[in-house]
Amino acid sequence: MIARVRAWRDHLRTLAPDGTSLSPAGAQAAWDVALDALTDDALATAAAIPGAPFATACVVVAGTVPTAAIEWCAALALRGTQVTVKHPTSHPGLLPLLVDAARSVGLPIRITDDRSAVADADLVAVMGSDETVRAIRTAARADARVLAHGHRFSVAWVTGDDAFHGLAEDAALQDGRGCLSPVIAFSPREDALERLAEACAAVAARWPTGDVDAIEGAEIRTREALARVTGAVRAGPGWSIHLLPLDRVVPIALPRSVLLVRCDDPAAAAQALGLWGRHLSTVGTDDDAAAEAFVTAGASRVCRPGQMQRPPLVRVHDGEAWLHTLVRAIGRER
Amino acid sequence: MTRDLLAQRIHRFIGDSLVGRAEPLEPLMLEVHRWQRRHDPVLNSLTAEDPQEIAQIPAIPVGIWKDLPVGTVGADEPSLVFHTSGTTGGGRGAHRLRTSALYDHNALTWARVCLKQWPTLIVALLDDAPDSSLGHMTRLFGDVSWYAKGGVVDVAGARTHLAVDWPLFVATTAFALAEYLESAPPPLPAGSLLMVTGGFKGRVHRLDGDELLAATRAVLKPDRLVTEYGMTELSSQLWGTAGAAFLPAPWLVAVAADPLSGRPLPRGERGQLRFYDLCNLDSTLGVETMDEGTVTDEGVWLHGRLPGAPARGCSLTVEEAWEKR
């Protein structure tokens, strides 16, 4: 099966991802990043994880992180699990591409927008709001394993010159809507606003922003007004940075819009997240000492700026070695 | 120009505008705006250039009223304060007025124009909250009995009060009305007027706006069913009827804007609603809502909250962020 997954990955590389809200260049970048994670070594490691595969799995994905299903499909299919991806009604996004490619190499992957598919699965993985997670738990079989990945957010702590470009890429991939997107960037640098603005402009020239819906646009302009009064704003075509004081921190994902906070103390920055820290996913930082404050606040993943949206397949996700959750562990006692 | 002189001019404008002899609105609004800018640091920070027309006056987004002290009234000045409901999270915004004189005068004047007359015994499916602008307005219209507490309708109490044979004015939010209808109540007394205001603001209910009004007609059979559009951040209201545009008063200018760029759209195009309210003398003329509408010669067509994608990714949205705090 691992050979088929490799063939699937290689076939996907030849396709142009369309059908998303991202710009063509933005979609291609997200697509490439997702496929880059499926290295031969990573697939081999995933295939070798001890345990018995589930016969069937249903993966419930959010519509606007279009490449999220790729690693789930790969990791499950290479163990021989039959995968059904449930997408939001009328928003299949890139999934038809994945399925057509899977069919061409004989991988058991299908898609549906019918929530009842959840009831047939031995393993259910759900990404979405608390409400979605609750509904899926109710719809799943009582004996099914349910892996819930609720909405989370990520932050960055950046200090060095090179870190700003990586941070801008992290903020641009998926147009900033994913749980690995840095929604807040903290920095002790006096020139952080200018450095990040230069980087965002350069990245936006390469990966233009995709569609922004009305409520997102209004929310960006609302926060922009707050920043004009209490901080500063830098913006270009499709991107913006809102510099706000530490006591204005709210971890909201707005497309291509980063909340920047000048702060000398990583502990104070992490503390400002308050109870939101429970929903913190990743901290991207070039300062190893600073990372610990965010881990204490709740982060379950630490990486360099530029790698936040490029997680390896074999990793800890939401505090778990996620690949191990995709198989049934078997105890063999003698 | 002092605050009191501006208040007198606005008061005069309200009366004069209804008989077609008011001073031009735009120069008056621009004068009020310049006065406000001198006394409101928030507005001043958001004003890049001196506006030459109403649409250039900054409209303060409703979302930051909870974060910033919007308006010209200092926190230590005596004032009447209306608070937002806080349904979208992150605390409650405050609309401070030095006096309610302009609010009261304009609310009553425009209601008389739009409703002509109404029963003055009022049954309100509302909380008796002193800091609610809706409650304040309702009190202006007559003798009010309140039948909600903590946002929960006292259905039994309201039904008892409504079981009379004289006309009543029933004031309700859409959500409270939907809750009341679920009790399968009898029709209202003959001659009654029912005023419904506000949307569901994300609260889950099985009736949408049109269905709610249809169900209201079928069940409560009010002689008159009117809709009101108002908000804490505004001093003026718009009135309508089911299936018709909301009518703004002559001292309230509605503009639809592109939600992404913020640029005003031509009349007739659907966009994010902003209002410029001459009676917001103590706060700020321009208020940007999170509602979508179309401004036409007939009035303002309200389409509900600004639309968003059905699925918004796996990171936190505004409302989720506040819920999870």
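Observations on the structure shown:
- Per residue, the convex hull spanned by the Cα atoms of region A:1-127 measures out at 89 cubic angstrom.
- For region B:102-196, the set of trypsin sites (Lys or Arg not before Pro) satisfying both a DSSP loop assignment and a count of at most 16 other C-beta atoms within 10 Å is given as B:LYS116.
- Residue with peak Gaussian network fluctuation, chain A [Cα springs, cutoff 10 Å], from A:THR14, A:THR222, A:THR39: A:THR14
- Residues of region A:296-334 with an amide N closer than 14 Å to a point placed 7 Å from the Cα of A:ILE2 along the Cα-to-Cβ direction: A:314.
- Computed on the protein assembly as shown, the Cα convex hull volume stands at 175 Å³ per residue.
- Which of A:ILE252, B:ILE60 has the fewest Cβ neighbours within 10 Å, and the rest in rising order: A:ILE252, B:ILE60
- The mean number of partner chain beta-carbon atoms within 10 angstrom of a residue's beta-carbon across peptide B:39-45 is 2.
- Charge tally for B:ALA148 (other residues, Cβ to Cβ under 10 Å; Lys, Arg +1; Asp, Glu -1): -3.
- Principal-axis tilt of helix A:68-77 within chain A, Cα atoms, nearest 10 degrees: 30 degrees
- Rounded to the nearest 10 degrees, the inclination of helix A:288-297 to the longest alpha-carbon principal axis of chain A is 70 degrees.
- 12 Å beta-carbon shell around B:PHE246, net charge (K/R +1, D/E -1): -3
- Cysteines without a disulfide-compatible neighbour (Cβ-Cβ under 4.7 Å), chain A: A:CYS58, A:CYS73, A:CYS200, A:CYS263, A:CYS303
- Across chain B, the relative contact order, built from alpha-carbon pairs under 8 Å that are at least six residues apart, equals 17 percent.
- Legend: mean number of C-beta atoms from other chains within 10 angstrom of residue C-beta atoms, peptide A:221-232, equals 6.
- Compared with the dominant principal axis of the Cα atoms in chain A, helix A:214-230 is inclined by about 30°.
- Counting Lys and Arg as +1 and Asp and Glu as -1 over every other residue whose Cβ lies under 9 Å from the Cβ of B:MET1, the net charge comes to +2.
- Percent of C-alpha pairs per 5 Å bin in region B:215-300, short distances first: 3, 14, 23, 22, 17, 10, 7, 4, 1.
- Region A:153-303: Rg to Rh, with Rh as the Kirkwood radius over Cα pairs: 0.93
- A Förster radius of 30 Å combined with the Cβ-Cβ distance from B:SER145 to B:THR241 puts the calculated FRET efficiency at roughly 0.75.
- Distance-filtered residues of region A:310-325 - backbone nitrogen under 17 Å, label point 7 angstrom along A:ASP32 Cα→Cβ: A:310-311
- Projected area averaged over orientations for chain B, convex hull of C-alpha atoms, nm²: 17.2 nm²
- Test item: A:149-162 mean partner chain Cβ contacts at 10 Å: 2
Throughout, read-outs are computed from the coordinates displayed, never taken from laboratory work. Values in this document were obtained by computation on a predicted structure and should not be read as measured data. Counting neighbours? That spans all protein chains shown, and the Cβs are built from the backbone with ideal geometry, glycine included.
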